[in-house]
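Trainee: For reference, the structure I am asking about is given below.
The values are calculated or read from the model by the stated rules, or taken from the named source; none is laboratory data. Keep in mind the model is a prediction, meaning the values are calculated, not measured. Neighbour counts are summed over all protein chains in view; Cβ atoms, including those assigned to glycine, are modelled from backbone coordinates with ideal geometry.
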Amino acid sequence: MAEVEALHSILKMIEGKQQTAIQVISQDQQEHNAKSFLTKLIDRRKEQKRGFAEQSRLVREKVQIENVIDQFESAIDFMPDSPDELKELLEECKQQKKELLTEKKAVNTRMSTIRVEAKQQTASTNYGKYGNGDRRRIRLNKDAALRPQDDQKTAIERQITELDQIIVWLERFT
């Protein structure tokens, strides 16, 4: 929480710098408007460009710090308050991981079924160049059928990896 408070103070400092940059830009705009037409044509407005660059840099920094604050706060909210809650959360994560592993096995089974069916279809095609078109069609159909299964498998593996990281993180506190 102390880190979050420090980040909030940095955020306030950045907002103050943003206000200063806005004032510099508006002052430069007023000075530019007060000049004669010919002087306006020649003026390169370096200060205003520098002010806009500073403003955009400060906005990027502010967004980054806000993201870090959100990550810290979500981690703090996720942290259990008692050892019983910690054990319960660990069991929940492990159970969810088991369910994902079971789902992954089902996806792998569907993928192997698709491959076996494609092999059987390929075996029943004509030999040589007469069966090339059929074999190509079978291969393309197999690839098209495997693509969504592969995407689903990748998503499941990503979720399992995230759960593993959470479990390791939670086990530090036991």
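Trainee: Given the criterion at pLDDT below 90, of a type outside the set (Ser, Thr, Tyr) and closer than 30 Å to residue 147 by Cβ, identify the matching residue among 123, 118.
Mentor: None of the others qualify; the one that does is 123.
Trainee: Then there's this: Which of the residues spanning region 16-54 are surrounded by 12 or more Cβ atoms within 10 Å (Cβ to Cβ) and within 26 Å of residue 72 (Cα to Cα)?
Mentor: Selection gives 17, 18.
Trainee: Restricting to region 79-93, name every residue that is part of a helix (DSSP H, G or I) and either surrounded by 12 or more Cβ atoms within 10 Å (Cβ to Cβ) or without any contact (Cβ under 8 Å) to a residue 24 or more places away in the chain (or both).
Mentor: Residues satisfying the conditions are 84, 85, 86, 87, 88, 89, 90, 91, 92, 93.
Trainee: On to the next question. Would you confirm, using the coordinates I've provided, whether residue 31 is at pLDDT below 85, acidic (Asp, Glu) and in the same structural domain as residue 66 (by TED's automatic domain parsing)?
Mentor: So residue 31 passes the test.
Trainee: What's the number of the condition residue 60 fails, among (1) more than 30 Å from residue 166 (Cα to Cα); (2) out of contact with any helix residue (DSSP H, G or I) (no Cβ under 9 Å at 6 or more places or on another chain)?
Mentor: (1)
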